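**Q** The following block contains the structure, expressed as structure tokens.
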Amino acid sequence: MVNWTQRFITGIIVGPLVLYAIRSQLTTVFIANLFLFLLHNEYKGLIINILKYNSSDSDRWYIDSMGASWFVRVPTHYFMTVIAINNCQMETHLHLFISILLILFVRILNFLKITDFLQQNEKNIEEKFPKHIVFKRIQMLTFFQVGADILQFMIFVYPLSFVIIVFKYKQAAAINLIWLISSWQTDNGALFIGSMFGKNPFCPKISPNKTWEGVSGGIFLSVFSALILSQVNFLSLITLEALHTKHFLIISLIISAVSIFGDLFESFIKRVADVKDSGKTFPGHGGILDRMDSLCFSAPVVYLYINLFIPNVLEIAQ
């Protein structure tokens, strides 16, 4: 059951801080790194749950060892920081490749460390389990963890680089404002309308509580909020005149559709991990992963739209 009071208070406190922070590239990078740091903790917990549910008790010490590795965070913060420094789309791909290499390097080092430990304790292990089976299972678990790390990076880290790159335009704050508001309002509308009037399941095999009524409510609230934003100057904090109303509406509609898919994907991960919420970072909202899924999925789509359909409207920042 949703605690609407907690949800409202959390939104009143966190929302304005984030909206104000996106005016500057420096504060945006700081917020992105902070959220990704918290997201890593929750994602790690989900992956550990998945691995433990699908492995034997003898494997759990190694699963805990993989989850305890702090160095796997380095590629995330390296990538977000260096993108802000260079602010070049072409170099983004180079740093993406370097970051993935760093992930592989960290996991291989962890694997070698564990195998050295096993070799040193080979006699004790052989008394309980055949050595070749133990090594094979560790190889399998390492391979799965590497895939999970790369998936996390590609879905939750790489997309946020577009929020940083967009600061090459003078209208970056306005674009990020549309992105945030539309994503949040999609979730708020879907939750409120779905809990009040939802009857027809949207995708019950993945998320039984999502309904078509909720999806429709989320899209409506997102587009309606974008319509309001297109007519005001957001208390003079962000200039929006350069973007036509139709672009606000189209972008918000696209964000809503992608956000719903992102939320569905996150629900799939939680369902496999057998948890309801990814965490309790935001009272009334759930974890950081519950807040970031739609934002991460929609950020590249926003950047793609502005480059394809309104490149002449945007001004390059000096």
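**Q** Evaluate the Debye formula for the chain with equal point scatterers sitting on the alpha carbons, no solvent, and hand back log10 of I(q)/I(0) at q = 0.10 Å⁻¹, in q order, two decimals.
**A** The computed values of log10 I(q)/I(0) come out as -0.63.
**Q** Taking the Cβ of S24 as the center, what net charge do the other residues with Cβ under 15 Å away carry, scoring Lys and Arg +1 and Asp and Glu -1? Each step should come with its number before you reach the end.
**A** Details: positive: R23, K168, K170; negative: none.
With Lys, Arg at +1 and Asp, Glu at -1, the neighbours total +3.
**Q** If packing is taken as the average count of other Cβ atoms within 10 Å, what order do 19-32, 292-305 fall into, highest mean first?
**A** Working: 19-32: 17.5, 292-305: 22.3.
The peptides rank, most packed first, as 292-305, 19-32.
**Q** On to the next question. What does the net charge come to around P283 if you take all other residues with beta carbon closer than 13 Å to its beta carbon, with K and R at +1 and D and E at -1?
**A** Net local charge, P283 excluded: +1.
**Q** Also, I was wondering about something else. So who's got an amide H within less than 5 Å of the one on F202, skipping anything under 5 residues away but keeping other chains? H placed 1.01 Å off N, in plane.
**A** K210, T211, W212
**Q** Starting from 0.36 nm per residue, how many nanometres of slack lie between L227 and L109 once their C-alpha separation is accounted for? Walk me through the intermediate numbers first.
**A** Values: separation 118, 0.36 × 118 = 42.48 nm, distance 5.16 nm.
Taking L227 through L109 to full extension adds about 37.3 nm, to one decimal.
**Q** How much accessible area per residue does the chain have, counting only protein heavy atoms and a probe of 1.4 Å, in square angstrom?
**A** Normalised by residue count, the accessible surface of the chain is 51 Å².
**Q** For L94 and R137, FRET efficiency with R0 = 35 Å and r from the beta-carbon atoms, rounded to 0.05?
**A** The calculated FRET efficiency here is 0.45.
**Q** How much FRET efficiency would the formula 1/(1 + (r/R0)^6) give for K246 and R60, where r is the Cβ-Cβ distance and R0 is 35 Å, rounded to 0.05? It would help to have the intermediate numbers written out before the result.
**A** Details: r = 55 Å, r/R0 = 1.56.
Once the sixth-power term is evaluated, E becomes 0.05.
**Q** Between Y305 and Q120, what FRET efficiency follows from the Cβ-Cβ distance if R0 is 51 Å, with the result rounded to 0.05?
**A** Values: r = 56 Å, r/R0 = 1.09.
Rounded to the nearest 0.05, the efficiency is 0.35.
**Q** What net charge do the residues around S182 carry, taking every other residue with its C-beta under 15 Å from that of S182, with Lys and Arg at +1 and Asp and Glu at -1? Can you show the working numbers first?
**A** On the way: positive: K246, R291; negative: D187, D263, D293.
That sum, taken over residues with Cβ under 15 Å, equals -1.
**Q** If I compute solvent accessible area with a 1.4 Å probe over the protein chains, what percent of it on the chain is carbon and sulfur?
**A** Here it works out to 68 percent.
**Q** Can you compute 3J(HN,Hα) from phi for each residue in segment 74-86, using the Karplus curve 6.51 cos²θ - 1.76 cosθ + 1.60 with θ = phi - 60°, rounded to whole Hz and x for Gly and Pro?
**A** Values per residue, Gly and Pro as x: 4, x, 4, 6, 4, 4, 5, 6, 5, 5, 5, 6, 7 Hz.
**Q** So, one more: Once you have the Cα-Cα distance between K199 and K280, take 0.36 nm times their residue separation minus that, and quote the gain in nm to one decimal.
**A** 26.4 nm
The values are calculated or read from the model by the stated rules, or taken from the named source; none is laboratory data. Everything numeric in this text was worked out from a predicted model, so none of it was measured. Using ideal geometry, Cβ is built from the backbone for each residue, glycine included, and neighbour counts are taken over all protein chains shown. Surface areas here come from the heavy atoms of the whole protein model, side chains and all, with no ligands, DNA or RNA. Shrake-Rupley method; radii C 1.70, N 1.55, O 1.52, S 1.80 Å.
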